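Accompanying notes for the structure given below.
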């Protein structure tokens, strides 16, 4: 699993430069071109989610925006009740082809 944050036990961690290197190797692009392609992909996904709320890429999966309602939470340190605002978060659902490819 690619993971851009704190590494979890049993997960493969790959940073952006390592991903760019893999893209360059598999596509015969220079690292600079692969970096631009990755940046363009990320910008396109972000723009689509902002505008449409959903983007389906065949054989990869669907990116979509999910709505989280406002709720009441608790500060674990103090036990104080805290209001958590409503928010929109990105989500990804893999396509069947991707699921089948990794089994």
Checklist entry - Exactly one of (1) exposed (fewer than 11 other Cβ atoms within 10 Å of the Cβ); (2) assigned to a strand (DSSP E or B) is unmet by residue 88. Its number? => result (1)
Next on the checklist: Restricting to the range 75-103, name every residue that is within 19 Å of the chain's Cα centre (by Cα) and farther than 15 Å from residue 61 by Cβ.
Outcome noted: 87, 88, 89
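A short reminder: the numbers here are calculations on the coordinates, not readings from a lab. Keep in mind that what you see is a predicted model, and the values were worked out from it rather than measured. Every residue, glycine as well, gets a Cβ built from its backbone with ideal geometry; the counts of neighbours run over all protein chains shown.
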